[in-house]
Amino acid sequence: MKTLINKITVAVLVLLSSSAIGQKIQYFRPNDKAGLNVFETSKKDTVPFNGLAVKVGGFFSQDFQALKHENNAIPKIGADGVNANKLMALKNGFNLAMANLTIDAQLSDGIRLNLTTYLSSRHHEEAWVKGGYIQFDKLLFLKSDLVNSLMENITLKVGDFDVDYGDAHYRRTDGGNTFYNPFIENYIMPAFATEIGGEILYQSRGGFLLSGGMTNGQLNPTVVDPSAIDPKTGKANVTAPAFYGKVGVDRQFTNDLRFRLTGSAYTNKSNTSNTLFNGDRTGSHYFYIMENTTATTDGNAFSGRFNPGFSQQVNAAVINPFLKYKGLEIFGTYEVAKGRTIKETSMRKATQGVVDLLYRFPAEKENFWIGGRYNTVKAAMAGNPNDVTVNRMVGSFGWFMTKNVMAKIVYVDQEYKNFLPTDIRSGGKFHGLMIEASVGF
């Protein structure tokens, strides 16, 4: 698979002329500073269609890590004599660089194709396809005035793509792409997954938006019939589709004032491996944090995050407010999720709250920013009589040297509470600095 992807990538790059690589794409989120605070792609028809157009883009990020961690978990000695609860000894240094390759093609007027490949990431150090989809903003081939009128407000998407649950996934780090995230790492409990399905989005000229979609509910699809018995139903497990939706408003009141508020929901009543809260194939940018001495880069790729373990069944809802007044930005998340694994008969609950506060300056250019994030998660864990809590504070300072080159430095402080004494996260803490340089084009 890796060899095939590499050959296809090289062939595409060779065949594409330099004039095609930089062509403009309709209804597209830019891969640079212009993509900041872009959520759904706009319905503004600003790019004329002049035939097939292809844009090859990419993202690259390099991190320097200076983090320290500690815990007080009781020793857990295995047959090999190794203490599984002893944390990895860390030093200051550079992490594995991450890079993404994006190919966007304007196939017809109002029809766009996207293909994204992770060239290098923590979880998959080799090239790995993230996903691809076709987006329809016009359906001119149907030759219907009624359809053309409806499509002035409607967008259709089909393929393997990011599930549009919540707004935080528009601001997240995605492997080598850290341009839209003012901080280096994502949430403690990030809701993000690429799933196969279809989506419909309605956007009014007044800022109202409504969307809905159906997917397979899986990151790694399979045609193998599940054989496990669900103890809740007493019957063989089934793989049911996932459904999600969003409703909200996004208004630009003046040149200085923008307000957005959305509510989203996601449900999957039965699955073999739902990954709504564990669907990132690139991994955390906090390397080896709270991992033991036998950890590996790719085998323990999600350091510093919390997975509630809702692989069999999950119901989730989230509210996201966003306010931008001149250089001031506030983005919030309040999320409630319930779910279980196939070994459980009752649902467990997890809640998450996040507040981002940023100030971008100077006026008009906004090439610099300073900001902070507070992130807290409280969740019930199987086998633990007490709800666990994970808290994180992050401070950030960043600089767009150009629209394509960015650097940022962050300080992070995270703590773990109420984990069982036998859990490596018991009494866990980590803190320190990280520096990141990024390129996007």
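Bear in mind these aren't lab numbers, they're just calculated from the coordinates by the rules spelled out. As the structure is a prediction and not an experimental result, all values here were calculated from the model. Cβ sites come from the backbone with ideal geometry, for glycine too, and all protein chains shown count toward neighbours.
Quick notes
- Radius 13 Å from Cβ of F253, net charge of other residues (Lys, Arg +1; Asp, Glu -1): +3
- Aspartates and glutamates with Cα under 17 Å of K343, excluding same-chain neighbours fewer than 8 positions away: D230
- Couplings 3J(HN,Hα) for the range 131-139, derived from phi with the Karplus relation 6.51 cos²θ - 1.76 cosθ + 1.60 (θ = phi - 60°), are x, x, 7, 10, 10, 10, 10, 9, 10 Hz, where x marks Gly and Pro.
- R0 of 25 Å, Cβ-Cβ distance A236-N83: FRET efficiency to nearest 0.05: 0.05
- Using a cut-off of 30 Å between Cα atoms, the listed pairs K130/K326; K138/K408; K86/K378; K43/K338; K68/K378 include K130/K326; K138/K408; K43/K338 as exceeding that distance.
- Gained length - L146 relative to V158, 0.36 nm times residue gap less alpha-carbon distance: 2.2 nm
- Placing pseudo-labels 7 Å out from each Cα toward the beta carbon at V224 and T422 gives an inter-label distance of 2.9 nm.
- Relative contact order, percent, the chain [alpha-carbon distance under 8 Å, six or more residues apart]: 16 percent
- With each label modelled as a point 7 angstrom along the Cα→C-beta vector, the Y334-Y374 pair spans 1.4 nm.
- 13 Å beta-carbon shell around A168, net charge (K/R +1, D/E -1): -3
- Amide H contacts of F161: E195, G197, each under 5 Å away and 5 or more positions distant or on a separate chain (H built 1.01 Å from N in the peptide plane; Pro and chain starts excluded).
- A straight line joining the Cα centroids of the range 303-363 and the range 198-229 runs 18 Å.
- Database remark: amide H of F49 closer than 5 angstrom to no amide H (H placed geometrically; neighbours at sequence offset of 5 or more, or on other chains; Pro and chain starts carry no H).
- Between the alpha-carbon centres of the range 22-53 and the range 84-99 there is a gap of 38 Å.
- Footprinting exposure proxy for T294, T194, T233 (fewest neighbouring C-beta atoms within 10 Å first): T233, T294, T194
- In terms of surrounding Cβ atoms within a 10 Å radius of their Cβ, K24, K44 rank from fewest to most as K44, K24.
- Relative contact order computed over the range 172-251 (Cα-Cα under 8 Å; 6+ residues apart), in percent: 26 percent
- Crossing angle, helix 2-15 versus the chain [Cα axis fit, 0-90 degrees, rounded to tens]: 20 degrees
- Packing rank of 362-373, 278-289, where each peptide gets the mean count of other beta carbons within 10 Å, highest leading: 278-289, 362-373
- Dipole of the chain, positive end: most advanced residue of S273, Q252, G58 [Cβ charges, Cα centre]: Q252
- Point-charge dipole on Cβ atoms (K/R +1, D/E -1) for the chain, about Cα centre, debye to 20: 420 debye
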